[in-house]
1. Amide H of Val235: which non-local residues (sequence gap of 5 or more, or other chain) have their own amide H closer than 5 Å, using H built in the peptide plane?
2. For the pair Asn35 and Asp157, what calculated FRET efficiency results from E = 1/(1 + (r/R0)^6), where r is the Cβ-Cβ distance and R0 = 25 Å, to the nearest 0.05?
3. At 0.692 mPa s and 37 °C, plugging the Kirkwood radius over alpha-carbon pairs of region 31-171 into Stokes-Einstein gives what diffusion coefficient in µm²/s?
4. With r defined as the distance between the Cβ atoms of Asn65 and Lys226 and R0 fixed at 25 Å, what FRET efficiency is calculated, to the nearest 0.05?
5. Could you give the longest part of the chain that holds none of the trypsin sites (Lys or Arg not before Pro) found in DSSP loops with at most 16 neighbouring Cβ atoms within 10 Å?
6. Where in the chain is the longest stretch that carries no chymotrypsin sites (Phe, Trp or Tyr not before Pro) classed as loop by DSSP and with at most 16 other Cβ atoms within 10 Å?
7. Test of understanding: ordering Leu254, Leu18, Leu134 by Cβ neighbours within 10 Å, fewest first, what list do you get?
8. Give me the one-decimal nm value for the distance between modelled label points at Gln196 and Asn133, 7 Å along each residue's Cα-to-Cβ direction.
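We did not get these values from a lab; they are worked out from the coordinates using the rules stated. Everything numeric here is computed off the predicted structure, so don't read it as measured data. Every residue, glycine among them, receives a Cβ derived from its backbone with ideal geometry; neighbour counts consider all protein chains shown.
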Amino acid sequence: MSDNDHSTFFDGGPVGVLLIHGLCGSPSELRYVANGLARQGYTVSCPQLAGHCNGDGPLRTSTWNDWYHSAEQGLKELSQRCEKVIVGGLSTGALLAVLLAHEHKDKVEGLTLFSPTLWLTGRQVPWYFKLFNLVTIKSLANLFDFPVPHKFGIKDDRLRAFITKALKAPGAPNMPMTTPGPTVLERRWLAQKVSQITKFITQPTLIIHPREDDYAGMDNAFFLQKNLLGHVDMVVLEDSYHIVTIDRQRDIVLQRTQNFVARLTGAVQPKTKKVHSKTVINIAA
């Protein structure tokens, strides 16, 4: 692993969990969940997506196919070590997880989607984003840059201050302070691809989405809840913003993920009654 690679890996048992970070993010935003799963004996991999963690330049020139191939390589390596693999992702990482489930049905046992983001509909999205929706080519997209919202998708002020300080420490990922227009355009193309294949996804899925998501409104979760073919459990968080794996209710995110993985892979017997409906919604206050 090079100095610029911030991927993380925890060696464990025969059940593997692949966790994919979000756009302009890094594997560290999934570390809390990864650590919690690793403590239960799972093998956990959090690969760094192509173009990420090395400033604006590499991100601007990377494509959604590049990001996907990074996640795909992570799945390939994990499936060689493990008998069963669950794939999860945060925000744009959740879209990559869905695409992996479609392209590798034999390797993906189930999905955990944290704040899945097909459409940017939160209050932190700048007003001129509607104008950007008219842009369809990279040369025009290069005229746009989107600043990182001042709250970083984290509701808790103390946590946000801690993370801001940590990102300035030596050896921390080089995170861009703006999202380049071409990157946002690539994300849109990925979302369009994923929205077309949801009806073919048969794997059981856990969706965890905050009601106050400042990037991606609940319409994202409801679309997936309605259109995914397999069984869907959905948890709605009442005290978090977009980065639910870090924010105030990260303990709930970890617990629900642990329960889902254990139930799905047979690590423990579920203690709840069997549910015959397609979707269960839980409210986490």
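1. Those qualifying (amide H under 5 Å, at least 5 residues apart or on another chain) are Ile207, Ile208, His209, Asn282.
2. On the way: r = 23 Å, r/R0 = 0.93.
My answer for the efficiency is 0.60.
3. Working: Rh = 17.5 Å.
Here the translational diffusion coefficient equals 188 µm²/s.
4. Computed FRET efficiency for Asn65 and Lys226 comes out at 0.35.
5. The answer is 1-104.
6. Values: sites that count: Trp119, Trp127, Tyr128.
Between exposed loop sites, the widest span is 129-285.
7. Working: Leu254 19, Leu18 30, Leu134 7.
Ascending Cβ contact count within 10 Å gives the list Leu134, Leu254, Leu18.
8. 2.0 nm
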